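Asks: Please find one structure pasted underneath; my questions will follow.
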Amino acid sequence: MRGMGGGRRLPEWRRALGPFVLPVGVGIVTTALYTVFSNLQWRSFAAPSWDLGIFTQLARQYAALEAPIVTIKGESFNLLGDHFHPLLVVLGPIFAIFPHAFTLLVVQNAMLGIAAAALAYAAIRLLGSLTGALFGLAFAFSFGLQAAVEAQFHEIAFAVPLLALSLTAFLGQKWVTCLLWAMPLVFVKEDLGLTVAALGIVLAVRSRNPLGVWLAVWGVGWFALASLVILPLLNPNGAWAYSSSIDLLKIMGDPAALFQPQKGVTLALLLVAGGFIAVRSPLALVLLPTLAWRFLSDNSGYWGPTWQYSAVLMPIVFAAALDGIALARGSRRRWLRGYGRQAASVSIVAALVLATTLPLFTLTDMAGNISTDRTIAATAALRVVPDGARVESDIGLMNYLVERTDVFWLGNKNPLPDYLVIDLVAGGLPAEWTSAQVVGEALHPGVAFTTIYSAGGYEVARLAGPTP
């Protein structure tokens, strides 16, 4: 078909897809680069924590159409009594097709890619193709998402795209779509009910629509139901496991203890990532529930910018930045209108400056760690453990065993295992546990284990029977 000027017009379907090409490209780059990182991390036998093993056991159970009993947390431990994340049932069919722990890492990276595509789409509409795409990449490789990928799989992988899709709908004044994407967040993790409630309040004010009120009620209702009823019902201790980490009376008695350098670092990074203009948007209020439970907790691991805890904040702060830029354009203050034109560049430059301090910058170093004496020893240690065995392990090789054996963490009281698998270098063992034999005697007195493999700091011991 030719246009009036004689030139060839693009087919209708190509013109319809045009606005999505660049955002989808941002999403693909995000998923691909993070998967390269995950692959190198996996092949170098880096184990940041036991969480990948825990969620692999959950996926394995769901794939078998069974309750999420996770023996790493304890014999007969239902993981729905730890955190409220029923949405993770979607991992079941995926794991049934690809029954590997690494599958969960790819799923997480794909979720982050979807979120990046959504934010890039909104940014391109507001800022133009080049700046918008770069802004999308700044989000994609922000400190919160990189830390989450380094920490391996967590349930918040599903929260990030849901938030991104909901918030970009908010920016486009698609109020019903915003609500529909936000509603499933309550099934990702219990505290996200409060995040949903905060978004509902902002939605109600901006849209002047009662939909926001209903969303707020939905969020608060599910938070209350999950934390007061469901989690105590399914938890073996009959209580929400994380409620004790916030002691309001203690905080009131010593409010100065709230001010910790790690919290300041997290807040500073959020301000910089949002180009300092995110705070102009009411969407910044949606950050408060997550920041509140983290900063009020006595667990210092929650305060800083590491681990997965800032991942859910990233779509909020970047969407708030876009909203702040749009609001600045209509400001009566000339300086604010001027800064609004530069704020996206601040976020982009900040992402570039921070890049050298973040996990992806170590890709070349990681590539050099996949064929070392340690990785060769780890591979050999895994080979001597048969499929279907009952294994008691530290975190060293746990994530690699969990897809084909029944794994128990050796920090719990467990049934007698067929094999002990320990990492004397990076397994997190007490200093006095110097061998598999010592571990076996400490955990199962009077029971003999025979060491069948020892190299590179890894040891595997097989159950021999009662001590003569």
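The values are calculated or read from the model by the stated rules, or taken from the named source; none is laboratory data. Bear in mind the structure is a predicted one, so any value in this text is a computation, not a measurement. Cβ placement follows ideal geometry from the backbone for every residue including glycine, while neighbour counts extend to all protein chains displayed.
Asks: List every residue pair whose Cβ atoms lie under 8 Å apart, where the two residues are 6 or more positions apart in sequence or sit on different chains, the first residue falls within the range 141-163 and is more than 21 Å from V272 (Cα to Cα) and assigned by TED's automatic domain parsing to the domain that holds A116, and the second residue, located anywhere, is modelled with pLDDT of 95 or more and basic (K, R).
Replies: Close Cβ pairs (under 8 Å, with a partner that is modelled with pLDDT of 95 or more and basic (K, R)) amount to E155/K189; I156/K189; A159/K189.
Asks: Here are the criteria: (1) of a type in the set (S, T, N, Q); (2) free of Cβ contacts under 8 Å to residues at least 60 places away in the same chain; (3) surrounded by fewer than 19 Cβ atoms within 10 Å (Cβ to Cβ). Tell me which single one S393 does not satisfy.
Replies: (3)
Asks: Confirm whether A169 is in contact with a Ser or Thr (Cβ under 7 Å, 6 or more places away or on another chain), closer than 22 Å to L354 by Cβ and not polar (S, T, N, Q).
Replies: no
Asks: Any idea which of (1) closer than 28 Å to P359 by Cα; (2) in contact with a helix residue (DSSP H, G or I) (Cβ under 6 Å, 6 or more places away or on another chain) is the one N78 doesn't satisfy?
Replies: Only one criterion is unmet by N78, namely (1).
Asks: Could you pull out the residue among S243, S227 that is in contact (Cβ under 8 Å) with a residue 12 or more places away in the chain, surrounded by 13 or more Cβ atoms within 10 Å (Cβ to Cβ), of a type outside the set (A, V, I, L, M, F, W, C) and under 30 Å from E75 (Cβ atoms)?
Replies: S227
Asks: Test of understanding: among G427, G411, G457, which residue is crowded, with 20+ Cβ neighbours inside 10 Å and of a type in the set (G, A, S)?
Replies: Step by step, each of G427, G411, G457 is checked, and only G427 is crowded, with 20+ Cβ neighbours inside 10 Å and of a type in the set (G, A, S).
Asks: Output the helices (runs of 4 or more DSSP H) that fall wholly within the range 259-376 and possess 1 or more residues being crowded, with 22+ Cβ neighbours inside 10 Å, among the small types (G, A, S) and in contact with a Ser or Thr (Cβ under 7 Å, 6 or more places away or on another chain), or say none.
Replies: Because the criterion is at least 1 residues that are crowded, with 22+ Cβ neighbours inside 10 Å, among the small types (G, A, S) and in contact with a Ser or Thr (Cβ under 7 Å, 6 or more places away or on another chain), the helices (runs of 4 or more DSSP H) in the range 259-376 that meet it are 261-273, 313-329, 334-354.
Asks: Take residues that are within 22 Å of V90 (Cβ to Cβ) and within 20 Å of the chain's Cα centre (by Cα) and tell me which of the helices (runs of 4 or more DSSP H) falling wholly in the range 157-252 contain 3 or more.
Replies: 192-207
Asks: Identify the residue in the range 378-388 that is surrounded by fewer than 18 Cβ atoms within 10 Å (Cβ to Cβ) and among the small types (G, A, S) and, among all such residues, is nearest to F141 (Cα to Cα).
Replies: A380
Asks: I want to confirm something. Restricting to the range 80-100 and keeping residues that are under 15 Å from the mean Cα position of the chain (by Cα) and more than 25 Å from F170 (Cβ to Cβ), which single residue is surrounded by the fewest Cβ atoms within 10 Å (Cβ to Cβ)?
Replies: H83
Asks: Now for a separate question. Counting only residues that are farther than 10 Å from V312 by Cβ and assigned to a helix (DSSP H, G or I), how many does the range 146-156 have?
Replies: Of the residues in the range 146-156, 4 are farther than 10 Å from V312 by Cβ and assigned to a helix (DSSP H, G or I).
Asks: Still on this structure, please answer the following. Quick one: which residue in L52, L58, L79 is under 19 Å from L382 (Cβ atoms) and touching a Leu at 6+ places or on another chain (Cβ under 7 Å)?
Replies: Checking each option against the conditions leaves just L52.
Asks: Another question about this same structure. Please tell me if K250 is under 20 Å from L313 (Cα atoms) and out of contact with any Ser or Thr (no Cβ under 9 Å at 6 or more places or on another chain).
Replies: Considered against the rule, which asks whether it is under 20 Å from L313 (Cα atoms) and out of contact with any Ser or Thr (no Cβ under 9 Å at 6 or more places or on another chain), K250 comes out as no.
Asks: So if I check each of R43, R2, R60, which one is over 20 Å from the mean Cα position of the chain (by Cα) and at pLDDT 95 or above?
Replies: After ruling out the rest, the residue left standing is R43.
Asks: Contact list please: Cβ distance under 9 Å, first residue in the range 207-222 and closer than 17 Å to L163 by Cα, second residue basic (K, R) and surrounded by 15 or more Cβ atoms within 10 Å (Cβ to Cβ), pairs at least six apart or on different chains.
Replies: What qualifies is G212/R206.
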